[in-house]
Amino acid sequence: MKHIQFFLAVTAVAIFALSNLQAADIKVIANSSVGASSISADELKDVFLLTTSSVGGAHVEPVLAKGGVTHEAFLKQYVGKTESALSTYYRSLVFTGKASMPKSFASENEVAEYVAKTKGAIGYVSAGAAASGVKTLDVK
Amino acid sequence: MNSKVSRMGRMVLGLTVIVCGAVKLGAQDISNYTNFTVDGKTIQFHGFASEGFAYSNDNNYLTMNTSQGSFAMTDGGVNVSTQLTDNFRVGAQIYDRNIGELGKWHPTLDWAVADYKFRDWFGIRAGKVKTVLGLFNDTQDMEFLHTFAILPQSMYPLDLRASTIAHTGGDVYGTIKLKKRGDLSYTGYAGWKSYDKYGGYVYGGAAVGINVTSMPGRQFGGDLRWNNLVKGLLFGASVMLSPETVNASTQVAPTVTYPYTIWWNDNTVAFYTEYKVGNLILDGEYRRETVGAASMVGPINNGGFYWDERGWYVSAAYRVAKRLELGTYESRYYPMWDQSHTPPTNHIYDTVAAAKVELTDHWDLKIEEHFMDGYGLPYSFRGFYPQENPDGLKPKTDMLVIRTGWNF
């Protein structure tokens, strides 16, 4: 019985540690025009689902990566859709005249560069990525 | 004969070009080529095209010669749009189709909108705007968004597409956050309805001696949907009211043709739900359409009529692998709800099994089998027409559909 309790405790700690590790692997970045220094997970989801276009009163636009581990982790953790489901969602808006396709880039460097130079841009890169000229948003 | 061969040759050539283009471009990152900048503004353009093949056992369906196998199932569209300011965007899309005798390669303005979003909870759109009605009315042409090659025809009849697809007028729309209870999205609209002289009303009307020349009418209504009350759950309701006039002519004697005018109020209500969990998507919709009409044939009062038609479907789609989705639906349509549903003239049931393969991010292939029961009334204008079935209709129709689509 003690073995089982020990096993469950270790498993819980491991899951907790892994989930935090995964969260820490992603850095949400924004153009300096975005006044907020933090963003809630719900707001972040709304930005990337195009249901809101402002954060803290400032106009924002989402910027995506075209693939990769960070991209997949971001979609899973914050957007709640798979790559395929998100693509279908965006296209349903674009082809009915309700939105434009968000910008997406092949590399983290390109994401960071675009965010740095584009007013209101919000993107994501891996935690270790060098991203100069952008601010990092805390996700609450 | 030569012209038929020549037309077939052009079709095959066109299809070959589309498929070759899809194969070549489908594997590339096309998004690099869908943006350009003019005067500092980014302009996006996107498009899609699809080609289908339908093969049925007995009855010919959707104005195609499906009993012999038909490739006459092609459509496509292109759009262009730009964000002029943070809150203001404009765009337009052209759509064209050739499905048997429907569309006949006459391009139409699908939508053309100016959209100003004041807040997340309030925006306005004006122009020719896609109508929100049920889950998929506004996206019904974009096969690449759906698991199925042909959507449930009880809800989204290809022949009557124009009567619900878009209105020329304006919308108000918005999304209201309900904190932990999800969000409410609303749309309200008013305008003039679309008309397709290459659609089912005109084609089917001709078969019953009514030569429709125009159908001017207004259209107003709304949609309210509640997202994520429970994670992944959507449910909503739509209403559409269409007072309109049908201008037609009819032959009353061998050499005498009279104008035939019908004034009707066409009212539709729809209730729908969608639940997404993991790789599973469950959909269900119910629709009721009532029409009350008065008519004149020349100077003579031709009396009125009323019908109450209803339909529903349930569907399930499951992504079994990254690029493979399997789906099924059961669709039921009753042209005269208040009469016996037993005769094949008063129902169309369609049981469907489908597979969708995403060959690339921008190219899909679908294989689908339909098991249909019944064919509806001559006035249903839902797939079965006397022109393609001069020897009468059999009660059951089995049909294989293969459809491939490409988008960028």
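Does at least one position in the stretch A:64-72 carry a residue that is under 24 Å from B:V78 (Cα atoms), modelled with pLDDT of 95 or more and within 12 Å of the chain's Cα centre (by Cα)?
Yes, because at least one residue in the stretch A:64-72 is under 24 Å from B:V78 (Cα atoms), modelled with pLDDT of 95 or more and within 12 Å of the chain's Cα centre (by Cα).
Sort out which residues of the stretch B:306-354 are without any contact (Cβ under 8 Å) to a residue 60 or more places away in the chain, touching a His at 6+ places or on another chain (Cβ under 6 Å) and either more than 17 Å from B:G376 (Cβ to Cβ) or not in a loop (DSSP other than H, G, I, E, B) (or both), and write them in order of number.
B:Y334
Just one of the numbered conditions (1) open to solvent by 20 Å² or more (accessible area, probe 1.4 Å); (2) in contact with a Ser or Thr (Cβ under 7 Å, 6 or more places away or on another chain) is not true of B:T397; which one?
If we test B:T397 against (1) open to solvent by 20 Å² or more (accessible area, probe 1.4 Å); (2) in contact with a Ser or Thr (Cβ under 7 Å, 6 or more places away or on another chain), just (1) comes out false.
Could you list, in sequence order, all residues of the stretch A:33-47 that are assigned to a helix (DSSP H, G or I), surrounded by fewer than 16 Cβ atoms within 10 Å (Cβ to Cβ) and more than 11 Å from chain B (Cβ to nearest Cβ)?
Listed by number, the list holds a single entry, A:A41.
Sort out which residues of the stretch A:48-70 are open to solvent by less than 10 Å² (accessible area, probe 1.4 Å) and either without any contact (Cβ under 8 Å) to a residue 40 or more places away in the chain or facing another protein chain (nearest Cβ under 10 Å) (or both), and write them in order of number.
If the condition is that a residue be open to solvent by less than 10 Å² (accessible area, probe 1.4 Å) and either without any contact (Cβ under 8 Å) to a residue 40 or more places away in the chain or facing another protein chain (nearest Cβ under 10 Å) (or both), then A:V60 is the only one that fits.
Here's a check for you: in the stretch A:105-119, which residue that is of a type in the set (G, A, S) and at pLDDT 95 or above is least open to solvent (accessible area, probe 1.4 Å)?
A:A112
Mind listing just one residue for me: the one in the stretch B:316-355 that is within 14 Å of chain A (Cβ to nearest Cβ) and open to solvent by 60 Å² or more (accessible area, probe 1.4 Å) and, of those, farthest from B:F148 (Cα to Cα)?
Ranking the qualifying residues of the stretch B:316-355, first place goes to B:K322.
Does at least one position in the stretch B:213-226 carry a residue that is modelled with pLDDT of 95 or more, in a loop (DSSP other than H, G, I, E, B) and in contact with a Phe, Trp or Tyr (Cβ under 9 Å, 6 or more places away or on another chain)?
For the stretch B:213-226, residues modelled with pLDDT of 95 or more, in a loop (DSSP other than H, G, I, E, B) and in contact with a Phe, Trp or Tyr (Cβ under 9 Å, 6 or more places away or on another chain): present.
Which of the strands (runs of 3 or more DSSP E) contained wholly in the stretch B:59-159 include at least 1 residues that are surrounded by fewer than 20 Cβ atoms within 10 Å (Cβ to Cβ) and without any contact (Cβ under 8 Å) to a residue 24 or more places away in the chain?
Fully inside the stretch B:59-159 and qualifying: B:88-99, B:108-119.
Looking at (1) open to solvent by 60 Å² or more (accessible area, probe 1.4 Å); (2) away from every other protein chain (no Cβ under 14 Å), which is the only condition B:V246 fails?
Among (1) open to solvent by 60 Å² or more (accessible area, probe 1.4 Å); (2) away from every other protein chain (no Cβ under 14 Å), B:V246 violates only (1).
So which residues in the stretch B:28-58 are within 12 Å of another protein chain (Cβ to nearest Cβ), among the hydroxyl-bearing types (S, T, Y) and part of a strand (DSSP E or B), if there are any at all?
B:T42 - this is the single residue of the stretch B:28-58 that is within 12 Å of another protein chain (Cβ to nearest Cβ), among the hydroxyl-bearing types (S, T, Y) and part of a strand (DSSP E or B).
Can you tell me which residues in the stretch A:101-124 are more than 24 Å from A:S37 (Cβ to Cβ), among the small types (G, A, S) and either assigned to a loop (DSSP other than H, G, I, E, B) or more than 10 Å from every other protein chain (Cβ to nearest Cβ) (or both)?
Scanning the stretch A:101-124 gives A:A106, A:S107.
Hey, can you tell me all the residues within the stretch A:79-95 that are in a loop (DSSP other than H, G, I, E, B) and buried (at least 20 other Cβ atoms within 10 Å of the Cβ)?
Answer for the stretch A:79-95, where residues must be in a loop (DSSP other than H, G, I, E, B) and buried (at least 20 other Cβ atoms within 10 Å of the Cβ): just A:F95.
Each row is one residue, and each column tells you yes or no for (1) out of contact with any Lys or Arg (no Cβ under 8 Å at 6 or more places or on another chain); (2) among the polar types (S, T, N, Q).
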{"site": "B:S242", "(1), (2)": "no, yes"}
{"site": "B:A248", "(1), (2)": "yes, no"}
{"site": "B:N267", "(1), (2)": "yes, yes"}
{"site": "B:D283", "(1), (2)": "yes, no"}
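From the list A:K98, A:K76, pick out the single residue that is in a loop (DSSP other than H, G, I, E, B) and either surrounded by fewer than 21 Cβ atoms within 10 Å (Cβ to Cβ) or within 13 Å of another protein chain (Cβ to nearest Cβ) (or both).
A:K98
Checking B:K179 against (1) more than 14 Å from chain A (Cβ to nearest Cβ); (2) among the charged types (D, E, K, R); (3) open to solvent by 30 Å² or more (accessible area, probe 1.4 Å), only one condition comes out false. Which one?
Against the list (1) more than 14 Å from chain A (Cβ to nearest Cβ); (2) among the charged types (D, E, K, R); (3) open to solvent by 30 Å² or more (accessible area, probe 1.4 Å), B:K179 comes up short only on (1).
Let me spell it out: the conditions are (1) in contact with a helix residue (DSSP H, G or I) (Cβ under 8 Å, 6 or more places away or on another chain); (2) over 23 Å from B:M155 (Cα atoms); (3) within 9 Å of chain A (Cβ to nearest Cβ), and B:F71 meets all of them except one. Which number is the exception?
All conditions pass for B:F71, except number (3).
Output the number of the condition that B:Y95 fails; it satisfies all remaining conditions of (1) more than 30 Å from B:M372 (Cα to Cα); (2) within 14 Å of chain A (Cβ to nearest Cβ).
(1)
It is to be established whether one or more residues within the stretch A:125-140 are open to solvent by less than 10 Å² (accessible area, probe 1.4 Å), more than 14 Å from chain B (Cβ to nearest Cβ) and in contact (Cβ under 8 Å) with a residue 24 or more places away in the chain.
So far as the stretch A:125-140 goes, yes, one or more of its residues are open to solvent by less than 10 Å² (accessible area, probe 1.4 Å), more than 14 Å from chain B (Cβ to nearest Cβ) and in contact (Cβ under 8 Å) with a residue 24 or more places away in the chain.
The values are calculated or read from the model by the stated rules, or taken from the named source; none is laboratory data. Since this is a predicted model, take the numbers as computed values, not measurements. Cβ: placed from backbone, ideal geometry, glycine included. Neighbour counts: every protein chain shown. Heads up: the accessible areas ignore ligands, DNA and RNA and are worked out on the full protein's heavy atoms, side chains in. Shrake-Rupley method; radii C 1.70, N 1.55, O 1.52, S 1.80 Å.
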